[in-house]
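In what follows, a single structure is set out as structure tokens and then discussed.
Readers should treat all values here as calculations from the given coordinates under stated rules, not as data from a laboratory. Worth saying up front: this structure is predicted, and the values here are computed from it rather than measured. All Cβ positions, glycine included, derive from the backbone under ideal geometry; neighbour counts span all protein chains shown.
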């Protein structure tokens with residue numbers, strides 16, 4: 001082939017992937033980022049921590065692709081052998097990099113961690129390779145072009161470190177290489193309270209469209225539509241997206257809660273901040289999950305006052321003032337108790353709004369009338385209390401029930417605040 | 001090479017994987033099953049719905065492996081081209097299989113589904129291929145040996161169908177081929193409070209061992225060692241693992257908190273259950289994360305009474321009885337306040353033990369003396385209160401600081417209970 005090569009591929013290195021110990025979430029994440037950058041990507045490979053098989057995989061990639069993105073094997077232990085194997089594959093000597101060593105030393109010192117054997121190895125990179133800095137961890141990566149028209153990027157396997165390095169250094173570098181087929185822009189619309197197939201049916205004509213494309217994804221309760229457009233420049237691509245986004249939002253109505261990095265928690269916090277109002281939570285089966293979702297958003301402290309995790313009934317009485325006769329008559333998992341929890345939290349914490357959750361997350365504790373998966377949600381506010389009963393069923397397990405409860409509780413408040 | 005080939009590899013076919021739309025959970029599942037069967041497995045590959053690239057990947061596999069396990073591309077739509085591409089790769093004609101067609105027709109009829117265009121295609125298999133029946137869906141797979149010492153197994157991409165076919169037909173077939181290198185067993189030891197490189201240094205000789213092998217993995221604060229042994233049967237493999245596990249536990253001491261599916265939360269709950277004692281939490285910067293981790297464990301309600309999410313200082317005063325002058329003098333993020341929170345939670349919720357967390361998760365709110373990443377942890381119990389100051393730094397962000405705080409808080413209690 002005489003045309004210049006443009007394709008990328010992904011090589012994930014780690015015996016734990018071959019043993020099925022962990023899901024390859026890095027390959028998926030990088031694939032999504034490459035699509036966002038408009039970079040064609042034709043293959044993903046996984047090999048174990050084995051120098052011969054790693055070398056074979058690298059040489060195959062060097063024969064067909066322009067960019068190879070590697071993850072894993074950059075740690076200090078003996079089975080971390082990505083860098084040395086890459087150097088050996090292209091017969092280039094390793095070099096000690098003082099700036100990498102200084103960075104590792106500073107990070108270990110600031111965390112009060114000793115310098116372990118093997119750390120020195122992490123400062124070795126092939127001659128001619130550029131450092132791909134790791135802003136958060138000690139394993140630096142590299143951007144290395146060992147032969148014309150073939151560049152290797154290396155990342156550690158720890159997802160948070162890989163992602164930070166990607167955003168800070170790798171993505172800007174990739175964008176400058178002129179490998180993209182046009183400029184791609186995308187917009188992710190986020191939906192709650194509607195199933196993937198129902199939403200797909202409602203927006204069916206858009207799913208056939210070519211530019212922009214519209215693709216649905218489903219997660220835990222949340223459904224997403226990704227609108228992706230390709231054009232000569234960002235502004236033209238955005239101009240293709242805007243009318244489609246407007247039409248999709250009109251079709252979906254209040255089911256669409258946000259876009260891109262929004263979460264139900266960030267949207268609710270934003271709604272309350274604009275009203276200058278405060279929030280408290282009262283959680284039974286979610287056990288702190290609603291609070292954790294809200295406080296995951298930085299700056300949540302100007303809206304969220306706090307909450308009560310009322311797992312035992314006595315805590316519902318003592319800290320949330322739920323009447324004991326109500327608990328005895330209706331049971332802890334009931335509309336009346338969820339509403340009393342929300343009102344009690346609002347009163348005791350002195351907030352404008354309160355969210356309450358009480359349910360049966362299972363696997364034990366279900367009865368014929370109150371089965372596993374039954375959850376009562378309530379929102380108390382300045383003008384009274386609203387409640388919602390959900391029956392999630394028991395087939396998908398405890399985490400699923402708790403995750404949907406957190407989302408539905410936040411969504412119930414969001415709809416009150418619209 | 002004259003030795004008979006024994007290796008397996010996995011090829012997942014689907015453009016949605018290259019676009020990052022879905023996680024490759026099939027590769028992980030099959031990898032785990034292969035390890036369970038004792039079948040060596042050295043590579044995983046993903047290609048899109050593209051006949052040339054699929055052919056290249058198949059030919060490469062045919063040159064190095066004994067068995068190729070393919071998933072995806074068996075449906076009725078035009079982009080489902082796995083079977084026809086495999087046949088074309090080995091230049092073998094496709095044959096209509098009446099028994100497959102009859103099965104498809106019966107399944108569609110029983111579900112009241114019409115026969116869609118493309119369904120006929122699903123009854124075509126290469127000459128000489130055996131049907132790999134699909135007990136639940138319409139997409140049959142095959143077991144085909146197109147050349148000596150190379151067999152291809154095909155499965156649809158839908159996980160539930162692939163798994164049913166695996167258990168019913170593929171796993172028994174694979175077991176009969178005499179490819180297994182004995183039976184593999186593994187044990188995952190879990191550690192907290194020690195870095196991956198420090199632990200690796202302490203157990204260095206074991207990382208060189210061949211049977212069992214010992215491999216380290218690092219996550220968010222947690223470090224793991226996987227011990228994997230191969231022997232003629234499960235009992236012999238377990239007997240190889242047991243002494244190594246004992247020695248590793250002795251070396252690591254109290255840093256080893258559990259094995260396999262244990263979590264810090266499940267271990268702490270178990271310790272308290274054995275003592276017949278109860279627990280409460282008081283959370284500031286984790287905002288419910290400690291409670292959520294504990295209640296993620298089913299059956300936690302017999303130990304965990306509940307807790308207070310005390311995000312605002314007023315909640316620390318009102319619900320946890322932290323003295324206002326202490327808050328003013330020491331600040332909310334201080335050893336004294338964390339201890340007062342733990343003691344207040346223990347008193348107010350009437351528990352035997354209480355965990356408290358107060359810190360600065362950032363990105364805002366840091367000062368020179370109290371930087372982002374500073375967290376004070378406390379555990380109050382029947383014999384008094386213990387505290388721990390941690391400085392996580394600000395480089396890894398809010399989620400990391402909160403996640404480590406949850407783990408360190410649970411670990412502080414675990415160490416008290418040993």
- Query: At residue B:55 and residue A:127, where each label point lies 7 Å from the Cα along Cα→Cβ, what is the point-to-point distance in nanometres?
  - Reply: 4.2 nm
- Task: Note the angle between two axes, namely the Cα long axis of helix B:98-110 and the longest principal axis of the Cα atoms of chain B, as a number of degrees from 0 to 90, rounded to the nearest 10.
- Result: 50 degrees
- Within 10 Å of each Cβ of A:32-38, how many other protein chain Cβ atoms are there on average? 2
- Task: Evaluate the distance, in nm, between pseudo-label points positioned 7 Å from the Cα of residue A:217 and of residue B:386 along their respective Cα→Cβ axes.
- Result: 4.2 nm
- Task: Let me see the pair-distance distribution of segment B:204-283: every alpha carbon pair, 5 Å bin width, integer percents in order.
- Result: 3, 12, 19, 20, 17, 12, 8, 5, 3, 1, 0
- Message: Please report the antiparallel percentage of the DSSP beta bridges confined to the protein assembly as shown, to the nearest 5.
- Response: 65 percent
- Efficiency of FRET from Cβ geometry, residue B:399 and residue A:117, R₀ 30 Å, rounded to 0.05: 0.50
- Taking a ≥ b ≥ c as the square roots of the Cα gyration tensor eigenvalues, with a/c under 1.5 meaning rounded and otherwise prolate when a/b beats b/c or oblate if not, segment B:276-340 comes out prolate
- Message: So for segment A:8-176, averaging the separation of alpha carbon pairs under 8 Å that are six or more residues apart and normalising by length, what relative contact order in percent results?
- Response: 22 percent
- Measure nothing but the geometry: give the 0 to 90° angle between the long axis through the Cα atoms of A:398-417 and the longest principal axis through the Cα atoms of chain A, rounded to 10°. 70 degrees
- Task: Quantify how strongly other chains surround peptide A:146-159 by giving the mean number of their Cβ atoms within 10 Å of each of its Cβ atoms.
- Result: 1
- Item | Scaled radius of gyration (Cα, divided by 2.2 N^0.38 Å) that segment A:1-120 gives | 1.21
- Message: If you average the C-alpha positions of segment B:302-340 and of segment A:207-273 separately, how far apart do those two centres end up, in angstrom?
- Response: 41 Å
- Sticking with the crude label model, points 7 Å out along Cα→Cβ, report the distance from residue B:369 to residue B:92 in nm, one decimal please. 7.8 nm
- chain B - mean residue ellipticity at 222 nm from DSSP helices (-39,500 (n - 2.57) per run, n ≥ 4, rounded to 500): -11500 deg cm²/dmol
- Item | For residue A:109, inter-copy label distances in nm, listed shortest first [label point 7 Å out on the Cα-Cβ vector] | 8.0
- Message: To check you understand DSSP bridge types, tell me what percent of the beta bridges within chain A (both residues inside) are antiparallel, rounded to 5.
- Response: 60 percent
- Query: At what distance in angstrom do the alpha carbon centres of segment A:148-183 and segment B:21-47 lie from each other?
  - Reply: 26 Å
- Message: Restricting to bridges with both residues inside segment A:264-417, how much of the DSSP beta-bridge set is antiparallel, in percent to the nearest 5?
- Response: 60 percent
- Message: Give me the percent relative contact order of segment B:183-259, please, defined on Cα pairs under 8 angstrom at least 6 residues apart.
- Response: 43 percent
- Task: Please report B:162, A:101, A:339 as a ranked list, fewest other C-beta atoms within 10 angstrom at the top and most at the bottom.
- Result: A:101, A:339, B:162
- Task: Report the full-extension gain for the segment residue B:64 to residue B:242: residue separation times 0.36 nm, less the Cα-Cα distance, to one decimal in nm.
- Result: 60.6 nm
- Task: Could you calculate, for segment A:241-311, the ratio of the Cα radius of gyration to the Kirkwood radius, expressed as Rg to Rh?
- Result: 1.08
- Query: Under a no-solvent Debye model with one identical scatterer per Cα of segment A:264-417, what's log10 I(q)/I(0) at q = 0.13, 0.20 Å⁻¹?
  - Reply: -0.51, -1.19
- With just the Cα atoms of chain B, tell me how far they stretch along each of the three principal axes, in Å, largest first. 86, 52, 42
- Restricting to Cα pairs under 8 Å and 6 or more apart, the percent relative contact order of segment A:81-197 works out to 18 percent
- Per principal axis, largest first, the Cα atoms of the protein assembly as shown extend in Å by 82, 63, 60
- Paramagnetic label zone (point 7 Å from Cα along Cα-to-C-beta, residue A:418; backbone N under 15 Å) in segment A:354-390: none
- Task: Two decimals is fine: what is log10 I(q)/I(0) at q = 0.09, 0.10, 0.20, 0.21 Å⁻¹ for segment B:46-199, from a Debye sum with one equal scatterer on every Cα and no solvent?
- Result: -0.36, -0.43, -1.31, -1.43
- Message: If I fit a long axis through the Cα atoms of helix B:51-62 and take the longest principal axis of the Cα atoms of chain B, what angle between them do I get, 0 to 90°, rounded to 10?
- Response: 90 degrees
- Once Rh is set to the Kirkwood radius over Cα pairs, what Stokes-Einstein translational diffusion coefficient, in µm²/s, holds for segment B:159-203 at a temperature of 10 °C and a viscosity of 1.306 mPa s? 110 µm²/s
- At a Förster distance of 22 Å, what's the computed FRET efficiency of residue B:77 paired with residue A:25, Cβ-Cβ distance as r, to 0.05? 0.20
